[in-house]
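Written out below as structure tokens is the structure these notes cover.
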Amino acid sequence: MQRPNTKSYFLKTFGCQMNVYDSERMTEALVRDGYRETDDVANADLVILNTCHIREKAGEKVYSDLGRIRDMKDVRKRNGKNTVIAVAGCVAQAEGHEITTRQPAVDLVIGPQSYHRLPELIARTENTRERIVETEFPGEEKFERLKAPRRVSSPSAFLTVQEGCDKFCTFCVVPYTRGAEFSRSAATIETEARELIAAGAKELVLLGQNVNAYHGEGPSGRSIGLAELIRRLADIDGVERIRYMTSHPRDMDDELIAAHADVPQLMPFLHLPVQSGSDRMLAAMNRKHSAAEYIDLIARIRTARPDIALSSDFIVGFPGETDADAEETLALVRAVGFAQAFSFKYSPRPGTPASSLETQVPEEVKSERLQRLQALLDAQQAEFNAQSLGGTVPVLFERRGRQPGEFVGRTPYLQLIHTAADGDLVGRTAEVAVTEVRRLSLTGVIAAA
Ligand code: SAH
Ligand code: SF4
Ligand code: F3S
């Protein structure tokens, strides 16, 4: 039952796509409960920060935001208005009570596994003015419990199929903030996919911290992998495109590689983080694969789908990394050839094994290595995009651009592309002739609808 729209909420999302998805689901539950969204944080009755803990900067940003929000809460209080401040996401899970100690204006701290309790906990803190910290891992399908109709804000819709991680890379907080691997059942995912398509989605982006470790309950109770889930979703009417992220090299099995060869809706793009090209570093990171194994895996994927665009994540300056190790990463990048990639300076995270190693790399060395790696990756991205010039690609248009009559979409290879057109292209797929190429995006003209 929809109550009258009396209260407003402001929600800010940090971090990865899983947080974006979680924010969408929280939004749906709030709207169902009669809240309306506002982008005016100073006048919101409820402020939620959905936070990220992956690197130090991400975590610190939250506290500077909270300081400003506290000031707004004080102003509102003087005007007789209450403001509920909630911290959700991975900082909430990792720091719990520390958050309310550092910033006493926070009313509610809620970890990613407890979102189904959000409406109830907001009501409780509003009524009692009690401060609540909720960071349990209940191990149930939280989103099945936070049941509210799915809405789509873009033709490309996120759909979380798996959460958590059992890999324990020595640099990473995710196994602690998101908990153990958990896969949703195929039936609940298919139901949600149908809802998303009915609401206007054309593309499903299947999400998981380790999405290719997916092993959910399939038909007749047996467990199915990501490849079979993708095939089932591809059979749903209206599913034009499927993508998935993020994958771990260890879970890239033959069935999933085969799906890239023969499921037409599965887009030729793969984000497969490698982190380093040095076997010594990969072992110290507990990645459980070597550089050669990664390169061999890429070769097998390219055999199945020769035009696949590859993306990756890299960490430079992991403890003990030498110049020679950094060179090996550059060599791996040259051997593979990436269409795009993300690279980061190692950031020591409290509670992770690597943070207590004594061989931390000085900041200026990290910066220098990052610059060299990014220069190479940028050049590869430019080279990849340059191949598109003069060709024609099917583009799914996702939104309007900044210029009047401009639309922004994605090629199958996830390249951003800008096109001018009459009418409304959002949600439509059209063949676009690529006329101009920049490092981060393409420009084209409609060749055929
Ligand atoms: N589940 C994914 C992504 C995890 S987080 C995976 O397995 O790859 C996204 C990226 O952040 C990671 O791939 C890694 O490159 C980076 N990252 C994680 N922890 C980090 C840290 N402590 N310092 C710097 N980068 C980090
Ligand atoms: Fe973190 Fe490693 Fe798990 Fe990815 S696989 S989420 S990097 S621990
Ligand atoms: Fe950040 Fe948590 Fe995602 S730490 S990257 S928001 S899983």
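Report the Stokes-Einstein translational diffusion coefficient (µm² s⁻¹, integer) for segment 148-212, Rh taken as the Kirkwood radius over Cα pairs, at 4 °C with viscosity 1.567 mPa s. Result for D is 101 µm²/s. Calculated [222 nm] ellipticity per residue, helices only, for the chain: -11000 deg cm²/dmol; basis is -39500 (n - 2.57) per DSSP H run with n ≥ 4, divided by all residues, nearest 500.
The coefficient of translational diffusion for segment 332-449, derived via Stokes-Einstein from the alpha carbon Kirkwood radius under 25 °C and 0.890 mPa s, stands at 147 µm²/s.
For segment 343-449, trypsin sites (Lys or Arg not before Pro) meeting the loop criterion (DSSP other than H, G, I, E, B) and having at most 13 other Cβ atoms within 10 Å: ARG402, ARG438, ARG439. The amide H of VAL361, built 1.01 Å from its N in the peptide plane, has GLY320 as neighbours under 5 Å, considering only residues 5 or more places off or on other chains. The fraction of accessible area contributed by carbon and sulfur in segment 141-386 is 53 percent, rounded to a whole number (1.4 Å probe; ligands and nucleic acids excluded). The residue list LEU146, ILE417, SER312 was ranked by how far each Cα lies along the charge dipole of the chain toward its positive end, using unit charges on Cβ atoms, and LEU146 comes out on top.
The trypsin sites (Lys or Arg not before Pro) of segment 184-265 meeting both criteria, a DSSP state outside H, G, I, E and B (loop) and at most 11 other C-beta atoms within 10 angstrom of the site's C-beta, are ARG222. For segment 101-253, the fraction of C-alpha pairs more than 24 angstrom apart is 42%. Applying the Karplus relation 6.51 cos²θ - 1.76 cosθ + 1.60 with θ = phi - 60° to segment 145-153 yields 3J(HN,Hα) values of 8, 8, 5, 8, x, 6, 10, 10, 9 Hz, where x marks Gly and Pro. Evaluated with a Cβ-only charge set (Lys, Arg +1; Asp, Glu -1), the chain carries a dipole of roughly 1240 debye about its Cα centre, given to the nearest 20. For the chain, the solvent-accessible area works out to 43 Å² per residue, with a probe of 1.4 Å and every protein chain left in place.
Spatial offset of segment 185-212 relative to segment 30-75 amounts to 28 Å, using the alpha carbon center of each. Give me P(r) over segment 392-446, computed from all C-alpha to C-alpha distances, binned every 10 Å, as integer percentages. Binned Cα distances yield the sequence 28, 64, 8. The C-alpha atoms of segment 261-352 occupy a region whose extents along the principal axes are 43, 26, 21 Å, arranged from largest to smallest. Length, then width, then depth: along the principal axes, the Cα atoms of segment 281-326 run 37, 17, 17 Å. Close amide H pairs (under 5 Å, H built 1.01 Å from N) link PHE269 with ALA309, residues at least 5 positions away or on another chain. Taking only protein heavy atoms and a 1.4 Å probe, the accessible area of segment 7-134 is 47% carbon and sulfur.
Taking every pair of distinct Cα atoms and averaging 1/r, then inverting, what Kirkwood hydrodynamic radius in Å comes out for segment 141-386?
On the way: mean 1/r = 0.0522 Å⁻¹.
Result for segment 141-386, one decimal place: 19.2 Å.
For ARG36, the residues whose amide H sits under 5 Å from its own are LYS7, SER8, TYR9, ignoring neighbours fewer than 5 places away on the same chain, with H placed 1.01 Å from N.
D for the chain, whole µm²/s, Stokes-Einstein with Kirkwood Rh over alpha-carbon pairs at 25 °C and 0.890 mPa s: what number? D = 105 µm²/s. Taking the charge dipole of segment 7-134 about its Cα centre, with +1 at Lys and Arg Cβ atoms and -1 at Asp and Glu Cβ atoms, the residue from SER8, ALA92, LEU118 reaching farthest to the positive side is SER8.
The value given for segment 91-162 is a Kirkwood hydrodynamic radius of 13.8 Å, derived from the mean inverse Cα-Cα separation. Sorting the Cα pairs of segment 189-305 by distance into bins of 10 Å, from 0 upward, gives 13, 42, 31, 12, 3 percent per bin. Residue-wise HN-Hα couplings along segment 98-110, as the Karplus relation 6.51 cos²θ - 1.76 cosθ + 1.60 with θ = phi - 60° gives them from phi, are 4, 5, 6, 6, 6, 9, x, 6, 6, 9, 9, 10, 9 Hz; Gly and Pro carry x. Bridges between two residues of the chain, per DSSP, are antiparallel at a rate of about 35%.
Using just the Cα positions, wrap segment 274-411 in a convex hull and report its mean projected area in square nanometres, one decimal place. Show your work: numbers first, answer last.
Details: hull surface 44.2 nm².
Mean projected area of the Cα convex hull: 11.1 nm².
Once you keep just the Cα pairs under 8 angstrom separated by 6 or more residues, what percentage relative contact order results for the chain? If you can, show how the numbers build up before the last one.
Values: 908 pairs, mean separation 43.0, N = 449.
Computed value for the chain: 10 percent relative contact order.
Kirkwood analysis of segment 7-134, using all unique Cα-Cα pairs, places the hydrodynamic radius at 14.3 Å.
The values are calculated or read from the model by the stated rules, or taken from the named source; none is laboratory data. Everything numeric in this text was worked out from a predicted model, so none of it was measured. Virtual Cβ from ideal backbone geometry, glycine too; neighbours counted across all protein chains shown. Surface areas here come from the heavy atoms of the whole protein model, side chains and all, with no ligands, DNA or RNA. Shrake-Rupley method; radii C 1.70, N 1.55, O 1.52, S 1.80 Å.
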